[in-house]
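Step one of this worksheet: look at the structure below.
The values are calculated or read from the model by the stated rules, or taken from the named source; none is laboratory data. Predicted model, so just to flag it, every value in this text is computed and none were measured. A quick note on method: Cβ atoms are made from the backbone with ideal geometry, for glycine too, and the neighbour counts reach across all protein chains shown. We work out accessible area using only protein heavy atoms, side chains counted, and drop any ligands, DNA or RNA first. Shrake-Rupley method; radii C 1.70, N 1.55, O 1.52, S 1.80 Å.
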Amino acid sequence: MPAIEHIHQAYKDQGLIVLGINASSQDPVTNALAFVKENNLTFPVLFDQEAQAYELYAVRALPTTYFIAPDGKIQEVIVGGPISEALLRVRVQHLLAMPER
Amino acid sequence: MLPVIQIGPLALQTPGLIIILGMWLGITLGERHSSDSRVPPHVLENLILIMVASGLVGARLAYVIRYPVIFLSSPFSLVSPNPGLLDLWAGLATGLIVAIIYIQRKSLSFWNLLDGLTPVLGIISIALSLSNFASGSGYGAPTELPWGIYLWGAHRHPAQIYEALAAIIILVITWPGPGWRRYSQAGMRFLSFCSFSAITRIFLEAYRGDSTIIIDGLRAGQLVAWLILVLSLYVLNKRIRLPAESGVYHHNG
């Protein structure tokens, strides 16, 4: 998660949107809030209390990371973690270089 | 689809695990039957290890060359186990080039080695299909057939299972044994493996839901498979016509 925060800080001004989604149906909101505070996360963290995102995005395991292009299409799904910062940077640079719809 | 096996705090990436198990099984069984191809077991083992190690280095270097600033700012990522930072084609090319250099320096018989590698490749093919099934990659086209599986928002052909079954059949056909010994030319088993694999790819690609279509329904995978099939049959035909002595299993090393 610190790597994702670094990426958020590095690319937010170039148009990258980082969203954290807590599977609140499995993990209490209080735990998530404590985690956000402990890791000094500054990107938005959403609470999926009725598991709608979980179902829609066909999540099979946590964490799952989705890389979504400017046109809204999912480019890559990485299941499990941690993901190295270099991998995040490579994928984000690729996404930012893609044309918008 | 089973991308991760969670054992307590440990999340095992099932697709990678299946590939590693497939490689281990392939190398173990390949070595056991390598004498059928007149290849000493240690030669096969060394060759595979060299190919895998150089392939991994090449696959990672391809990313380092493309994104030097990123790796300079995060040098530990050079040895990151994330497969997402490995370039498949660069890895294959590096492994192949290093293998060719190794074969030439050790004066090994190229065709005998390829025959020795055939069961290894066969088992890895099965592992790759099962790995795709676990990760949800290489998914099938939508279908209403009763054996369709629900994946990525639709009932789909279990394309990965079709491919695994085809790979099992090809492995059985090309498995080292007395049937193959009647062929005097080395390379027959490997070239047959390539031909059968290409034929199944041409048919099974039609059931894939993630193919790149080039023109009029012709898929990129099918085009590559046709090229491999034509080349394999051409070389197979040439080797069959060779005098029995010249291509017979031999080891110069």
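So, in Å, what gap is there between the alpha-carbon centers of segment B:21-84 and segment A:46-66?
One Cα centre to the other: 34 Å.
Eigenvalues of the Cα gyration tensor times 5, then square-rooted: what semi-axes does that give for chain B, in whole angstrom, largest first?
Result for chain B: semi-axes of 32, 26, 18 Å.
Please give me, ordered by residue number, the trypsin sites (Lys or Arg not before Pro) of segment B:135-190 that lie in loop per DSSP and have at most 15 other Cβ atoms within 10 Å.
Hits after loop and neighbour filter: B:Arg182.
Placing +1 at every Lys and Arg Cβ and -1 at every Asp and Glu Cβ, with all other atoms neutral, what dipole size does segment A:1-96 have around its Cα centre, in debye to the nearest 20?
200
Give me the 1.4 Å probe accessible area per residue for segment B:53-131, excluding ligands and nucleic acids, in Å².
53
With point charges of +1 on the Cβ of Lys and Arg and -1 on the Cβ of Asp and Glu, referenced to the Cα centre of chain B, which listed residue (B:Trp175, B:Thr14, B:Ser137) lies farthest in the positive direction of the dipole?
B:Trp175
What distance in nm separates the two pseudo spin-label positions at B:Arg241 and A:Gln9, each 7 Å out from Cα along the beta-carbon direction?
6.9
Which percent of Cα pairs goes in each bin when the distances of segment A:1-92 are cut into 5 angstrom slices starting at zero?
With a bin width of 5 Å, the distribution comes to 2, 12, 23, 27, 22, 12, 2.
Taking amide H positions as placed in the peptide plane 1.01 Å from N, state which residues far from A:Asn22 in sequence (5 or more) or on other chains have amide H under 5 Å from it.
So A:Asn22 has HN proximity to A:Leu46, A:Phe47, A:Asp48.
Tell me the label-point distance for the pair B:Leu25, B:Arg38, using the 7 Å Cα-to-Cβ offset, in nm and rounded to one decimal.
Placing both labels 7 Å beyond Cα along the Cβ direction yields 3.1 nm.
Does any residue of segment B:55-78 lose at least 10 Å² of accessible area with all protein chains in place compared with its chain alone, and if so which ones (probe 1.4 Å)?
Output list: B:Tyr63, B:Tyr67, B:Ile70, B:Ser73, B:Ser74, B:Ser77.
What residue among A:Phe67, B:Trp226, A:Ile78 has its Cα farthest toward the positive end of the dipole of the protein assembly as shown, where the charges are +1 on Lys, Arg and -1 on Asp, Glu, each on the Cβ?
Ranked along the dipole, the leading option is B:Trp226.
Which whole-number percent gives the relative contact order of segment B:132-239, counting Cα pairs below 8 Å spaced six or more residues apart?
Computed over segment B:132-239, the figure is 26 percent.
May I ask you to find the residues of segment A:34-82 that are shielded by at least 10 Å² of accessible area once the whole protein assembly is considered instead of their isolated chain (probe 1.4 Å)?
The answer is A:Ala58, A:Arg60, A:Ala61, A:Leu62, A:Val77, A:Val79, A:Gly80, A:Gly81, A:Pro82 - residues whose exposure falls by at least 10 Å² when every protein chain is included.
Just the Cα atoms of segment B:1-85: what Rg and Dmax do they give in Å?
Here Rg and the maximum Cα pair distance are 17.0, 50 Å.
Express the relative contact order of chain B as a whole percentage, based on alpha carbon pairs under 8 Å and six or more residues apart in sequence.
Here the relative contact order equals 21 percent.
Given labels modelled 7 Å from the Cα in the Cβ direction, how far is it in nm from B:Trp152 to A:Thr65?
2.1
If you take the beta carbon distance between B:Ile101 and A:Leu33 as r and set R0 to 51 Å, what does 1/(1 + (r/R0)^6) give as a FRET efficiency, to the nearest 0.05?
Once the sixth-power term is evaluated, E becomes 0.35.
DSSP loop (so not H, G, I, E, B), at most 13 other Cβ within 10 Å: list which trypsin sites (Lys or Arg not before Pro) in segment B:215-245 pass both filters.
Sites meeting the loop and neighbour criteria: B:Arg241.
Mind grabbing the accessible area of B:Trp180 for me, 1.4 Å probe, Å², rounded to tens?
It works out to around 40 Å².
In Å², nearest 100, what accessible area do chains A and B bury in total when the solvent probe is 1.4 Å?
1400
Plugging the Kirkwood radius over Cα pairs into Stokes-Einstein for segment B:58-182, at a temperature of 4 °C and a viscosity of 1.567 mPa s, what D comes out in µm²/s?
72
First check a/c for the protein assembly as shown, with a ≥ b ≥ c the square roots of the eigenvalues of its C-alpha gyration tensor; if it is under 1.5, answer rounded, and if not, answer prolate when a/b is larger than b/c or oblate otherwise.
Because a/c hits 1.5 or more and a/b exceeds b/c, the protein assembly as shown counts as prolate.
Can you give the net charge of the other residues whose Cβ lies under 15 Å from the Cβ of B:Leu191, counting K and R as +1 and D and E as -1?
Cβ neighbours under 15 Å give a net charge of +3.
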